[in-house]
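**Student:** Before I ask anything, let me first share the structure, which is written out below as structure tokens.
FYI, it's all coordinate maths here, none of it is from the lab. All values reported here derive from a predicted model rather than from experimental measurement. Note: ideal-geometry Cβ built from the backbone for every residue, glycine included; neighbour counts use all protein chains shown.
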Amino acid sequence: MHEAEKNIQTDWLINQLADNKEVFLSLLEKTPPHIISWKPEPGRWNLLEIICHLADEEKHDFKYRMQVALAPNQFPFLPIDPEAWVTEKSYATQHFTQKLNEWAKEREQSVEWLRKLVPTDWEAHLVHPEYGQMTARNILANWVAHDYIHLRQIIQLKRACLQSITGESLAYAGRW
């Protein structure tokens, strides 16, 4: 791929992060409390836990990993354990709207920061203990993919909640 194509791809990825913010907000704003805390089964995450996770990932994972890749002498690689954060940070006791707003603000700051990086060396990399060498562009692509994973999770959760609350057959809606 030529450098110009890579720059277009990078711009598109940054724009996806900005666009995804609006998608998340559309899916999550105005959610009633009984749906925020609803779980399909014990051990699964509810919407509150998902947004807490997203807020922490925005601050402590993707943006930070990007900083490590671009300036390894300034930012040491720090291990994280997002699964443990659920209990360590008491996600279930957090305030949903506050966490959603916190995440949205963090996302705005991340997108603004990324846009100021252009042009930058998107081939700069870090060495992840589990995934090996990861370029800044690869981290950016995974950041967008992480959004997609949680958008799918939110939609699946909301559909399951709809089924549970209404008790109605959802077969007519189409194959799920």
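**Student:** What does the charge count around residue 117 come to, taking other residues whose C-beta lies under 12 Å from its C-beta (Lys +1, Arg +1, Asp -1, Glu -1)?
**Tutor:** +1
**Student:** I've got another one for you. When all alpha-carbon pairs of region 78-176 are counted, what percent fall beyond 18 Å?
**Tutor:** 69
**Student:** On to the next question. Output the Kirkwood hydrodynamic radius of region 14-97, Cα pairs only, in Å rounded to one decimal.
**Tutor:** Value: 14.6 Å, from the Cα pair sum.
**Student:** A further question on this structure: Once Rh is set to the Kirkwood radius over Cα pairs, what Stokes-Einstein translational diffusion coefficient, in µm²/s, holds for region 81-134 at a temperature of 25 °C and a viscosity of 0.890 mPa s? Show your work: numbers first, answer last.
**Tutor:** Values: Rh = 14.2 Å.
Result for D is 172 µm²/s.
**Student:** How far is helix 136-166 tilted, in degrees, relative to the longest principal axis of the Cα atoms in the chain, given as a value from 0 to 90 rounded to the nearest 10?
**Tutor:** So the helix axis and the longest Cα principal axis differ by about 0 degrees.
**Student:** Calculate the tail of P(r) for the chain: the fraction of all Cα-Cα distances greater than 31 Å, expressed in %. Walk me through the intermediate numbers first.
**Tutor:** Numbers: 3601 of 15400 pairs.
Every Cα pair in the chain considered, those over 31 Å come to 23 percent.
**Student:** Given the Cα-Cα distance of residue 172 and residue 148 and 0.36 nm per residue of separation, how much length would full extension add, in nm?
**Tutor:** My answer for the length gained is 6.1 nm.
**Student:** Pick from 164, 110, 37: which residue has the top mean-square fluctuation in a GNM of the chain where Cα pairs under 10 Å get a spring?
**Tutor:** The residue with the greatest mean-square fluctuation here is 164.
**Student:** Among the lysines, select those whose C-alpha is under 30 Å from the C-alpha of residue 116, and discard any that sit fewer than 8 residues away in the same chain.
**Tutor:** Excluding near neighbours in sequence, the set is 6, 21, 59, 63, 99, 105.
**Student:** With each pseudo-label sitting 7 Å past Cα toward Cβ, what's the residue 116-residue 19 distance in nm, one decimal?
**Tutor:** According to this spin-label approximation, the distance is 2.5 nm.
**Student:** Could you state the angle between the C-alpha long axis of helix 96-117 and the longest principal axis of the C-alpha atoms of the chain, as a value from 0 to 90 degrees rounded to the nearest 10?
**Tutor:** 20
**Student:** From the helices alone, meaning DSSP H stretches of at least four residues, give me the mean residue ellipticity at 222 nm for the chain, per-run term -39500 (n - 2.57), in deg cm²/dmol to the nearest 500.
**Tutor:** -20500 deg cm²/dmol
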